[in-house]
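A.B. asks: Below you will find the structure I want to go over with you.
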Amino acid sequence: MVVAVLGTGIIGAPVARNLAGAGLEVRAHNRTRERAQPLAEHGVTVAGSAQEAVEGADVVVTLLSDGAAVEAATDGLAFPEGAVWAQMSTVGIEATERLLARAAEAGVAFVDAPVLGTKAPAEQGKLIVIASGPAEARERCAPVFDAVGARTVALGDEPGASTRMKLVLNTWLLALVEGLAESVALAEGLGVDPAAFLEIIDGGPLGPPYAKMKGTMMIERSYEPSFSLALAAKDARLALDAAAAAGLELPALRAIRAQLEAAVEQGHGDADMAAAVEASRPG
């Protein structure tokens, strides 16, 4: 199987490595070639253009930051006959609908397959793939999904179902991160040890492993990015857009978005989303 990977950022690069490690022929392209070049050491062919990457591909994977980036990467792209487009970025409902229309115009089967997970799960091949689209197309993507994910959750034949579920999952995740950030900031403000807070909840129903990991980053002010704060703010905007289109008002998510964007404005956009805590700390 030949797989083209368009986008070699924090998630895309380890995905390409894991695909090559599974014995698939992988061609990768990134707008900034220097970010893709290290993949050559892992048996990945680094292509000079998106079109060069997709030539002869059985599956074309897009793993980019947002809908605009996916649209730019696939603008004018001639997909190989019989290929499947596995759109694995988180782009929201409106962008997914535009990409579906682009796939139909290009005559390529489209699988909506955003992934749940950050840098470490991507490197370990333990992402969760949430896939929807025609059953035959999903089946053809199975070797790709198996190589990069711990499991694949199938949500039926309707592309777009996965994107909607990813927005729900992101809403929960962002609420967890912001609640953790405010708890750490409150502990600091009240003069109690935030590390003791994490120790008390660790291992019980109130303390998922994710809380210990992100909470430690917040306490240590160590924000090596596994998923950037700017992308987290983008995900909050996408979920709010979807809620508004559904006639819903989500005040907590609106407040979370404001806090995330405040931390971005403080200069933490490229840091890990754990840097959300900085918006709650005294200036």
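The values are calculated or read from the model by the stated rules, or taken from the named source; none is laboratory data. What you see is a predicted model; the values in this text were computed from it and never measured. Note: ideal-geometry Cβ built from the backbone for every residue, glycine included; neighbour counts use all protein chains shown.
A.B. asks: Any idea which of (1) crowded, with 17+ Cβ neighbours inside 10 Å; (2) more than 20 Å from the chain's Cα centre (by Cα); (3) not assigned by TED's automatic domain parsing to the domain that holds residue 94 is the one residue 189 doesn't satisfy?
C.D. replies: Single failed check for residue 189: (1).
A.B. asks: Is it true that residue 145 is out of contact with any Cys (no Cβ under 7 Å at 6 or more places or on another chain), of a type in the set (Phe, Trp, Tyr) and farther than 26 Å from residue 280 by Cα? Give the derivation first.
C.D. replies: Details: out of contact with any Cys (no Cβ under 7 Å at 6 or more places or on another chain): yes; of a type in the set (Phe, Trp, Tyr): yes; farther than 26 Å from residue 280 by Cα: yes.
Yes; evaluated as a whole, the condition is true for this residue.
A.B. asks: Can you go through 207, 247, 203 and tell me which one is farther than 18 Å from residue 278 by Cα, modelled with pLDDT of 95 or more and not in a helix (DSSP H, G or I)?
C.D. replies: Result: 247 is the single residue among 207, 247, 203 that is farther than 18 Å from residue 278 by Cα, modelled with pLDDT of 95 or more and not in a helix (DSSP H, G or I).
A.B. asks: A further question on this structure: Give the stretch 128-169 a look and list any residue that's in contact (Cβ under 8 Å) with a residue 60 or more places away in the chain and more than 22 Å from residue 245 (Cα to Cα), or say none.
C.D. replies: 140, 141, 143, 144, 146, 147, 148
A.B. asks: If you go through the stretch 7-28 one residue at a time, do you hit one that is surrounded by 15 or more Cβ atoms within 10 Å (Cβ to Cβ) and of a type in the set (Asp, Glu)?
C.D. replies: Yes: one or more hits.
A.B. asks: Please tell me if residue 245 is surrounded by fewer than 18 Cβ atoms within 10 Å (Cβ to Cβ), under 21 Å from residue 91 (Cα atoms), in contact (Cβ under 8 Å) with a residue 24 or more places away in the chain and not assigned by TED's automatic domain parsing to the domain that holds residue 126.
C.D. replies: Answer is yes for this residue.
A.B. asks: Within the stretch 29-53, track down each residue that is polar (S, T, N, Q), surrounded by 14 or more Cβ atoms within 10 Å (Cβ to Cβ) and over 12 Å from residue 7 (Cβ atoms).
C.D. replies: 37, 45, 51
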